[in-house]
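Structure, as structure tokens:
The values are calculated or read from the model by the stated rules, or taken from the named source; none is laboratory data. What you see is a predicted model, and the numbers here were worked out from it, not measured in a lab. In this analysis, Cβ positions are derived from the backbone assuming ideal geometry, glycine residues included, and neighbour counts consider all displayed protein chains.
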Amino acid sequence: MVDIQKILSRLKINEVNPAYSTGSVWGEVNSPNAHTIYSPVDGKAIGKVNMAIGDDYNKAVDQAQQSFTAWRAVPAPRRGEIVRQVGNALREAKDDLGALVSYEMGKSLQEGLGEVQEMIDICDFAVGQSRQLYGLTMQSERPLHRMYEQYHPLGVVGIISAFNFPVAVWSWNAMLALVCGNTCVWKPSEKTPLTAVACQHIISKVFTANDIPEGVCCLVIGDREVGSLMANDPRVALVSATGSTRMGKAVATAVAARLGKVLLELGGNNAIIITPDANLEMALIGTVFGAVGTAGQRCTSTRRLIIHSSVYNDFKQKLVNAYKQIRIGNPLDSNNHMGPLIDTDAVKNYLDAIEKCKAEGGNFVVEGGVLEGEGYASGCYVRPCIAEVENSYAIVQHETFAPILYLIKYDTLDKAIALQNGVPQGLSSAIMTNNLREAELFLSGAGSDCGIANVNIGTSGAEIGGAFGGEKETGGGRESGSDAWKAYMRRQTNTINYSTQLPLAQGIKFDF
Ligand code: UN1
């Protein structure tokens, strides 16, 4: 088992950690006001952290704003070179940071390491992107004129991240924002600030070694008040927020009121359709990882299974058998598949959801419950459970961040797609089938309405190379791969006249 104290010291996590950092400069430490962070793994205190107040927030944003002029003047490939070094520093810290993610957040060590790998992957992606911030050229309707478009950085990018991916989602945003020439201010989840402190130490070491000005990458730890300051702050050109739909609506409303830019990655209510032509063994692996992985606390977690009536009973039985084999316990022990929920509030939400589901008529084929006794002292360990439901139940329409899987029966593919789309959220979706017609219909315009639609792969575990995000209440944003970088830049259209005349567009005559 890993030695957490040694890991904390190698990652430079102190007993009490400051509320903000602009790089090598950190805020003062004020021990009496510090918040204690407890691990959901064993309920023990990991360390303390100060919570930012308006003054701390302003210091970080001021510094980020000041350093923007210098940072945007650095050639983009050189900015990419810095990000390449960040990727290497993350490679060196992977084992320690992955273990801290697991200990502070509760996901399995494998998933903690996977999260750091996702950070390394986006660094590599961003390095390549730094040489490709391409615009288009157009044909002008006027002679001896040239038209093209180019992309410029926005300024300060605010990043609000969630506890479930405490470091990877920040890196998707920050690494792209940085190569695009922006400076960043990161507000991590107040539930998982210590992994953020560790990342800030890793990145600032690279920045200091390269004489990067103070303020290019800032950290501000605080609660929703800091998020609200950011959303209302005209100095922050783009607010990229990951979290609940409720939080996203509040951020979007505040940012819209000042006509700022937002990038939202909010709740999901992801389903897998299991057709008669599915390979049921593959479907089982995809389903169980999707529903139980990260204890059901991914935005992409599988929450609903829409199963054809001809394979329904067979697949249900396979699931029930598979759930008997799930080992729940300390996520740092590689024998366990599933760790705890993030905190006891999350446990309460899980229990409430089960109650509501039962009240609406849900039939639990695998019962849930809170685990007690040796190894479960934090009170955050729960049993993954499965209920037969109707898609129309209020609780099924709602995203519960917990390992509760809903089973729904269907008869025709059109009906299955309607059920899959029949929720307010639109993040991830999947179909399990070896039938080309079914797969293509699911991927067509009449198919899944989600930002992510997979065939013979579960709903979670996307690679960073594709654009990540979803529609409807998921917020419409796209992060990480493909052309998601464009969200961090402003587009400018340029028309250049190299003739000796000044012809007007649309043939307008204006002689005098
Ligand atoms: C999230 O849950 O906010 O696709 C992100 C996945 C991960 C990212 C999830 N690569 O499951």
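Scanning segment 73-94 for residues that are in contact with a Leu (Cβ under 7 Å, 6 or more places away or on another chain) and of a type in the set (D, E, K, R) yields 79, 94. So is residue 194 in contact (Cβ under 8 Å) with a residue 12 or more places away in the chain, in the same structural domain as residue 101 (by TED's automatic domain parsing) and either assigned to a helix (DSSP H, G or I) or within 16 Å of the ligand (Cβ to nearest atom) (or both) or not? It is true that residue 194 is in contact (Cβ under 8 Å) with a residue 12 or more places away in the chain, in the same structural domain as residue 101 (by TED's automatic domain parsing) and either assigned to a helix (DSSP H, G or I) or within 16 Å of the ligand (Cβ to nearest atom) (or both). Test residue 500 against the stated conditions and say whether it is without any contact (Cβ under 8 Å) to a residue 24 or more places away in the chain and not assigned by TED's automatic domain parsing to the domain that holds residue 139. Here the answer is yes, as residue 500 does meet what is asked. Among the residues of segment 239-264, just one is touching a Leu at 6+ places or on another chain (Cβ under 6 Å) and either outside the structural domain of residue 185 (by TED's automatic domain parsing) or more than 27 Å from residue 301 (Cα to Cα) (or both), namely 261. Regarding segment 85-96, can at least one residue be identified that is in contact with a Phe, Trp or Tyr (Cβ under 9 Å, 6 or more places away or on another chain) and surrounded by 23 or more Cβ atoms within 10 Å (Cβ to Cβ)? Scanning segment 85-96 turns up at least one residue that is in contact with a Phe, Trp or Tyr (Cβ under 9 Å, 6 or more places away or on another chain) and surrounded by 23 or more Cβ atoms within 10 Å (Cβ to Cβ).
Yes or no, residue by residue, for (1) more than 26 Å from residue 190 (Cα to Cα); (2) buried (at least 24 other Cβ atoms within 10 Å of the Cβ):
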| site | (1), (2) |
| --- | --- |
| 280 | yes, no |
| 305 | yes, yes |
| 313 | yes, no |
| 346 | no, no |
| 377 | no, no |
| 391 | yes, no |
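Which of the residues spanning segment 480-500 are in a loop (DSSP other than H, G, I, E, B) and either touching a Pro at 6+ places or on another chain (Cβ under 8 Å) or within 14 Å of residue 130 (Cα to Cα) (or both)? 481, 482, 483, 499 - these are the residues of segment 480-500 that are in a loop (DSSP other than H, G, I, E, B) and either touching a Pro at 6+ places or on another chain (Cβ under 8 Å) or within 14 Å of residue 130 (Cα to Cα) (or both). Taken over segment 303-361, the criterion of being within 15 Å of residue 405 (Cα to Cα) and in contact with a Phe, Trp or Tyr (Cβ under 6 Å, 6 or more places away or on another chain) is satisfied by 304, 306, 307.
Checking the conditions here, which among 114, 128, 135 is within 30 Å of residue 505 (Cβ to Cβ) and surrounded by fewer than 21 Cβ atoms within 10 Å (Cβ to Cβ)? Spell out how you get there, then give the answer.
Working: 114 fails: within 30 Å of residue 505 (Cβ to Cβ); 128 fails: within 30 Å of residue 505 (Cβ to Cβ).
135 is the lone residue from the list that is within 30 Å of residue 505 (Cβ to Cβ) and surrounded by fewer than 21 Cβ atoms within 10 Å (Cβ to Cβ).
Would you check if residue 320 is under 23 Å from residue 411 (Cα atoms), in the same structural domain as residue 415 (by TED's automatic domain parsing) and surrounded by 18 or more Cβ atoms within 10 Å (Cβ to Cβ)? Talk me through it step by step, then tell me what you get.
On the way: under 23 Å from residue 411 (Cα atoms): yes; in the same structural domain as residue 415 (by TED's automatic domain parsing): yes; surrounded by 18 or more Cβ atoms within 10 Å (Cβ to Cβ): no.
Answer is no for this residue.
Here are some residues: 378, 392. Which one is under 18 Å from residue 294 (Cβ atoms), among the polar types (S, T, N, Q) and modelled with pLDDT of 95 or more? Break it down stepwise before answering.
Details: 392 fails: under 18 Å from residue 294 (Cβ atoms).
Checking each option against the conditions leaves just 378.
Note on segment 71-112: residues that are among the aliphatic types (A, V, I, L, M), touching a helix residue (DSSP H, G or I) at 6+ places or on another chain (Cβ under 7 Å) and outside any helix (DSSP H, G or I) amount to 0. In segment 460-479, of all residues being of a type outside the set (A, V, I, L, M, F, W, C), part of a loop (DSSP other than H, G, I, E, B) and in contact with a helix residue (DSSP H, G or I) (Cβ under 6 Å, 6 or more places away or on another chain), the one that is farthest from the ligand (Cβ to nearest atom) corresponds to 473. Inspect all residues belonging to segment 59-72 and state whether any of them is more than 30 Å from residue 132 (Cα to Cα) and of a type in the set (Asp, Glu). The answer is no; no qualifying residue exists. The residue of segment 71-83 that is farthest from residue 172 (Cα to Cα), among those that are crowded, with 19+ Cβ neighbours inside 10 Å and either out of contact with any Gly (no Cβ under 8 Å at 6 or more places or on another chain) or free of Cβ contacts under 8 Å to residues at least 12 places away in the same chain (or both), is 82.
For segment 213-244, the candidate set comprises residues that are of a type in the set (S, T, N, Q) and buried (at least 21 other Cβ atoms within 10 Å of the Cβ); within that set, the residue that is farthest from the chain's Cα centre (by Cα) is 240. Within segment 154-168, the set of residues being out of contact with any strand residue (DSSP E or B) (no Cβ under 6 Å at 6 or more places or on another chain) and in contact (Cβ under 8 Å) with a residue 60 or more places away in the chain comprises 163, 164, 165, 166, 167.
Contact map, segment 283-303: first residue in contact (Cβ under 8 Å) with a residue 40 or more places away in the chain, second residue among the β-branched types (Val, Ile, Thr) and within 12 Å of the ligand (Cβ to nearest atom), Cβ cut-off under 7 Å, separation 6 or more or different chains; pairs are 286/457; 287/302; 290/302; 290/459; 291/302; 300/459; 301/294; 302/459.
Screening the candidates 474, 459 for the property of being in contact with a Lys or Arg (Cβ under 9 Å, 6 or more places away or on another chain) and under 27 Å from residue 426 (Cβ atoms) yields one hit, 459.
Restricting attention to segment 488-510, does a residue exist that is within 16 Å of the ligand (Cβ to nearest atom) and in contact with a helix residue (DSSP H, G or I) (Cβ under 7 Å, 6 or more places away or on another chain)? Break it down into steps so the answer makes sense when it comes.
If we filter segment 488-510 for residues that are within 16 Å of the ligand (Cβ to nearest atom), which is where we start, we get none.
For segment 488-510, residues within 16 Å of the ligand (Cβ to nearest atom) and in contact with a helix residue (DSSP H, G or I) (Cβ under 7 Å, 6 or more places away or on another chain): absent.
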